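Q: Let me give you the structure first, and then I'll get to my questions.
The values are calculated or read from the model by the stated rules, or taken from the named source; none is laboratory data. Since we're looking at a predicted model, the values are computed, not measured. Positions of Cβ are backbone-derived with ideal geometry, glycine not excepted, and every protein chain shown enters the neighbour counts.
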Amino acid sequence: MHENNAPTARGTAPASPAAEPPSGHGAQPKVSFSGGPGEDTPAAIRKTRNKVVAASFIGNFVEWFDYAVYGYLAVTITAVFFPESDQQTGLLMTFGLFAVSFFVRPLGGFVWGHLGDKIGRRTALSWSILIMSAATFCIALIPGYATIGIGAPILLLVIRVIQGFSASGEYAGAAAFLVEYAPPKRRGLYGAVVPASTASGLLLGSLLAALLTGLLDTNQMHDWGWRLPFLLAAPMGLIGRYIRTRLEDSPAFRALEAEDTTEATPVKDLFRDHWRQLIQAIGAVLLNAVGFYILLSYMPTYLSTELQLDESAAYLATTVALLTYIGFIFVTGMLSDRLGRKTILLTASILFVVLTVPAFMLLDTGNFLVIVLVQILLGAMLTLNDGTLPSFLAEMFPTRVRYTGFAVSFNVSNALFGGTAPFVATFLIATSGSPLAPGWYLMGAAVIALVAVLFARETSRQPLA
């Protein structure tokens, strides 16, 4: 096994020339940080980094806005596409479509990772957001079951598979892009922009869902109201793509290009030389995968269908939790820079093992204030994992396979356990009869993540390889 900072037969991937000092492996080519001669002034570097942050934030925001809308409007989507089923069966089919779209994500991880490590992060990210926004827009155009029968859910499935494929390159690429541009001692903070933008997409989805359900009656929601959020994807996606095409690729990747050491077959190299890191990364992502979709996507449906909380109140509680989550996520990123990635990730896993089931017991009280406070607590716990994970995963793999390693590990774990989480939670409740079932499932994910992180090495103190 090659360590991330160890030389290989193909040569060591140099660190970002402007972000980190040479590590003694020989002379490195001069690569301008900001993309042109004479531009590496502190002001130019700050300006470039700000553009990178904005491009990564907006792109990832658009990608995950769709997932939020689909999850938050699951009850309405069930009525439109599965009207002949009872609510629980219909929800299972709706979340089943949600889960199936995730099964293509590992394939997408290989494809986007290969493109990102071979031809550049910027190119891969620009195409992923274009495909994703176009597919999301098309969902708004699908006729309902009442119009074309079984063709409606089939079309929905096809489009969601396309979305799953495109989204598989977004999170990993944005994180790698940010970490490679970040100052060495602030990689955790910069990486936290990715989950913050994800939560912001969820927040807008939650607000729109709450607004639509509050202003429109049931018939209006079923006829056309549910389509409105999906229509927003096209203009937002075009904005994100425009910003990304105006950026240079990261200094670390351009340094590889200058040395002509970009990996010809990054997937092969990943499995040959970095399989241990890959296994550790898949396990570490598990808490993020299950926790994210249980707590931030499925929760409004859980509160309204399983605990009989008013639908508007359920959206409001989740919205408050998302607002606090976004604030906590940056604090977590800074803490991981100070205390180390492993310390924060282990703390997150231990807290979920100890507190998840008691927290779900408190949700079952039905008291709105208690529900809001519990969601804030669970969200804060999740940020310890989510705010640290992007920099941790990016630092685990060297530059020449960073996009591939991140994308494959993140998407394998999310395909198996993240996208299926709402379906599994609904199924476990139906079969066990216990509203605590999702809490037990989340606790099990935390145990696996705890073991995986224990065997991983600390990454924050090392220069990018």
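Q: Do any helices (runs of 4 or more DSSP H) lying entirely in region 169-274 carry at least 2 residues that are out of contact with any strand residue (DSSP E or B) (no Cβ under 9 Å at 6 or more places or on another chain) and farther than 18 Å from PHE406 by Cβ, and which ones are they?
A: 193-215, 218-223, 228-231, 233-245, 251-259
Q: Given TYR242, TYR181, which one is of a type in the set (Phe, Trp, Tyr), modelled with pLDDT under 85 and within 24 Å of the chain's Cα centre (by Cα)?
A: The unique qualifying residue is TYR242.
Q: A further question follows. If you go through region 451-463, how many residues are under 14 Å from ALA394 (Cα atoms), of a type outside the set (D, E, K, R) and either touching a helix residue (DSSP H, G or I) at 6+ places or on another chain (Cβ under 6 Å) or not in a loop (DSSP other than H, G, I, E, B) (or both)?
A: Of the residues in that region, 3 qualify.
Q: Would you confirm whether or not region 399-422 contains a residue that is among the charged types (D, E, K, R), touching a residue at least 40 places away in the same chain (Cβ under 8 Å), part of a helix (DSSP H, G or I) and within 25 Å of VAL179 (Cβ to Cβ)?
A: Among the residues of region 399-422, at least one is among the charged types (D, E, K, R), touching a residue at least 40 places away in the same chain (Cβ under 8 Å), part of a helix (DSSP H, G or I) and within 25 Å of VAL179 (Cβ to Cβ), which makes the answer yes.
Q: Continuing with this model, one more query. Report every pair of residues separated by at least 6 positions or lying on different chains whose Cβ atoms are under 6 Å apart, first residue within region 195-221 and over 30 Å from LEU178 (Cα atoms), second outside any helix (DSSP H, G or I) and not basic (Lys, Arg).
A: ALA209/LEU73
Q: Right, here's the next one. Under the condition of being surrounded by fewer than 17 Cβ atoms within 10 Å (Cβ to Cβ) and of a type in the set (A, V, I, L, M, F, W, C), which residue from region 248-269 is modelled with the highest pLDDT?
A: Filtering first and then ranking leaves ALA258.
Q: PRO143 is checked against (1) surrounded by fewer than 20 Cβ atoms within 10 Å (Cβ to Cβ); (2) in a helix (DSSP H, G or I) and fails just one. What number does that condition carry?
A: With (1) surrounded by fewer than 20 Cβ atoms within 10 Å (Cβ to Cβ); (2) in a helix (DSSP H, G or I) applied to PRO143, the lone miss is (2).
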